[in-house]
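The values are calculated or read from the model by the stated rules, or taken from the named source; none is laboratory data. Given the structure is predicted, the values throughout are model-derived calculations rather than measurements. Here the Cβ positions follow ideal geometry from the backbone for every residue, glycine too, while neighbour counts run over all protein chains shown. The area values use the complete protein model at the heavy-atom level, side chains included, leaving out ligands, DNA and RNA. Shrake-Rupley method; radii C 1.70, N 1.55, O 1.52, S 1.80 Å.
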Amino acid sequence: MSDLDQLKSDLVAAINAATSLDMLEEVRLHALGKKGVISAQLKTLGSLEPDQRKQVGQDVNTLKEDITQLIADRHTDLSAAAMKAKLSDEALDVSLPARPSLGDGRMHPLSRTIEEITAIFADMGFAIAEGPDIETDFYNFTALNIPPEHPARQEHDTFYLTPDETGTRPVLRTHTSPVQVRTMMKQDPPVRIIVPGRTYRSDHDATHSPMFHQCEGLVIGDGIHMGHLKGCLIDFCRSFFGVDDLPVRFRPSFFPFTEPSAEVDIGCSREGGGLKIGAGDDWLEILGSGMVHPKVLANCGYDPEKVQGFAFGMGVERLAMLKYGIPDLRTFYDTDLRWLKHYGFVPVDVPALHTGLHDGAAS
Ligand code: DAH
């Protein structure tokens with residue numbers, strides 16, 4: 001075997017023995033690098049006779065091409081193998097069961113109640129609207145016909161934030177009613193919205209929390225009257241509490257942003273210390289409502305001579321406490337897992353809501 005043949009078979013063996021890209025790179029440098037063995041062969045050509053030089057030169061070049069090709073092929077194979085190993089190393093086993101100690105999640109009763117309320121109104125053709133928690137005095141009070149010095153401002157126990165450069169104090173919204181104003185200022189009638197959201201008042205006991213939730217409703221259009229308000233809210237109450245013949249009463253009341261205003265009560269019994277909804281001859285207040293005040297319509301750029309509407313607002317915590325028998329409002333925010341296991345909902349229940357809770361909801 002000639003020296004070149006020997007060299008070739010050594011290099012081929014080294015290439016085949018390389019089991020990683022790093023090892024192969026070492027072989028490449030050893031064979032083809034500037035100080036490698038093939039370069040060394042080329043350097044010897046100068047000392048050969050001219051006719052020998054030609055032949056040996058060709059042979060060394062052929063060797064160089066062969067080795068270059070073999071290294072390239074081996075490189076392709078090793079890269080593919082490395083990728084395969086990486087993929088199988090990093091593969092995620094999606095069939096791995098969850099750790100049992102984590103337990104199942106539960107849907108918070110407040111989320112569930114908001115889902116229920118909005119689903120019932122969605123079935124009646126209401127769209128969901130939202131607004132910011134930090135409001136201006138204009139949206140929270142003034143546009144709703146609660147001017148400065150109006151006693152309703154004191155009743156709201158407002159949280160004020162630090163005044164800005166112009167001296168105006170932003171407020172944490174005390175109700176979801178400002179979203180009525182925001183919607184009317186943005187959109188021409190007709191309007192049919194339901195507004196779930198967080199609200200804030202400086203108050204804390206078993207039935208009040210400084211942060212709580214409300215759901216606001218607003219319907220504006222041609223010829224909307226008190227009969228629409230009554231029909232809509234009676235349907236809602238019956239659907240929400242799941243009692244077909246639930247007695248519903250509209251009691252005259254006052255809100256600066258509605259005229260006339262009515263508080264809505266549902267029939268209940270308090271006999272024997274327990275509360276039963278739908279039975280007995282007692283009443284339980286559950287929401288506020290009324291025909292939107294002409295001044296509010298005008299403040300929002302609507303012509304009160306042309307359009308009317310009704311609005312209503314309800315406390316989500318109160319509705320959840322009544323429906324699910326939760327005695328203390330503060331427990332909603334205690335993040336106690338034992339409480340959530342008891343009062344929470346298995347999320348699998350939720351899809352059923354999209355078809356409506358109750359036949360009455362769609363009528
Ligand atoms: N914003 C009222 C409150 O927080 C609730 C309310 C009453 C909203 C009557 C309304 C309404 O839209 O018409 O007490």
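Some observations on this one:
- Ellipsoid semi-axes for the chain, based on the Cα gyration tensor and the rule √(5λ), read 80, 27, 20 Å when sorted largest first.
- Of the solvent-accessible surface of the chain, computed with a 1.4 Å probe over protein heavy atoms with every protein chain present, carbon and sulfur atoms account for 54 percent.
- Treating r as the C-beta distance of residue 204 and residue 342 and R0 as 30 Å, the FRET efficiency rounds to 0.80.
- On a per residue basis, the convex hull of the C-alpha atoms belonging to region 18-77 measures out at 59 Å³.
- The mean accessible area for residues of the chain, using a 1.4 Å probe and ignoring ligands and nucleic acids, is 56 Å² per residue.
- Once each of the trypsin sites (Lys or Arg not before Pro) sitting in a DSSP loop with at most 13 other beta-carbon atoms within 10 Å is removed, the chain keeps 36-269 as its longest stretch.
- Candidate lysines - alpha carbon under 27 Å from residue 64, same-chain residues fewer than 8 apart omitted: 8, 34, 35, 43, 54
- Other-chain or far-sequence residues with amide H under 5 Å of residue 159's (modelled H): 172, 202
- Spatially near lysine pairs across region 109-352, Cα under 29 Å, sequence gap of 8 or more or different chains: 11
- With a cut-off of 17 Å on the backbone N, the residues of region 1-32 near the modelled label site 7 Å out from residue 77 along Cα-Cβ are 9-28.
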